[in-house]
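Engineer: Please read through the structure below; I'll follow up with questions.
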Amino acid sequence: TTPPPAPAREPHLGARVFAVQRAGAVLVALVLLVFGLLGFAGGLDYFSTEGERILGMSSNGLLSTISVVVALVLLLAAARSPRVASTVMIVVGALFLLSALGNLAVLRTSFNILAFEFENVVFSVVVGMLLLTLGAYGRISGHLPEDSPYAHPHASVEDADDLPATPA
């Protein structure tokens, strides 16, 4: 006799979580890569504090280089594994937010080595929040489902032997 067919399985939550994390890293990387490559194609001065307009934002050669490097890091992380992509997105997202704050402080000064304008600051905040959200998706929560790839089994309160006993 042949064994009965296996029951149809729902897609595992881990597959969806991992797909969102990998796709998020790739999509953000592609946007950064296009921005950086267009900056290179424009022949921008490397350390100019008065950047040229690329996709509605100011850029110089240094910002183009950083954009391409970050894009490559995100692409490599996504290719490596979803867990690595998630971790890298959380770290890079936090760095984008710090960059937004730091560059906001130096707008219109000689210390503005990335030629940021306000549009760049807004872009950094949006991309930073997007990376943090996608990187943390399905990973950081107080109530992860049991089948989440990031859920860790915890001993329930009833199983703990070190709780004081009461007469009741």
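The values are calculated or read from the model by the stated rules, or taken from the named source; none is laboratory data. Quantities reported herein were computed from a predicted structural model and do not represent experimental measurements. With ideal geometry, Cβ positions are generated from the backbone for all residues, glycine too; neighbour counts draw on all protein chains shown.
Engineer: Give me the residue from the range 96-116 that is crowded, with 20+ Cβ neighbours inside 10 Å and not polar (S, T, N, Q) and, out of that set, nearest to the chain's Cα centre (by Cα).
Structural biologist: PHE96
Engineer: Within the range 4-11, does at least one residue satisfy the condition of being modelled with pLDDT under 80, of a type in the set (D, E, K, R) and out of contact with any Lys or Arg (no Cβ under 9 Å at 6 or more places or on another chain)?
Structural biologist: Scanning the range 4-11 turns up at least one residue that is modelled with pLDDT under 80, of a type in the set (D, E, K, R) and out of contact with any Lys or Arg (no Cβ under 9 Å at 6 or more places or on another chain).
Engineer: Of the residues LEU44, LEU62, which single one is in contact (Cβ under 8 Å) with a residue 24 or more places away in the chain, over 14 Å from GLY135 (Cα atoms), surrounded by 18 or more Cβ atoms within 10 Å (Cβ to Cβ) and of a type in the set (A, V, I, L, M)?
Structural biologist: Just a single option satisfies the conditions, and that option is LEU62.
Engineer: Within the range 47-56, take every residue that is more than 16 Å from VAL106 (Cβ to Cβ) and surrounded by 13 or more Cβ atoms within 10 Å (Cβ to Cβ) and give me the one that is farthest from the chain's Cα centre (by Cα).
Structural biologist: Filtering first and then ranking leaves GLU52.
Engineer: Inside the range 12-37, can you point out the residues that are modelled with pLDDT under 90 and basic (Lys, Arg)?
Structural biologist: Hit for the range 12-37 is ARG16, nothing else.
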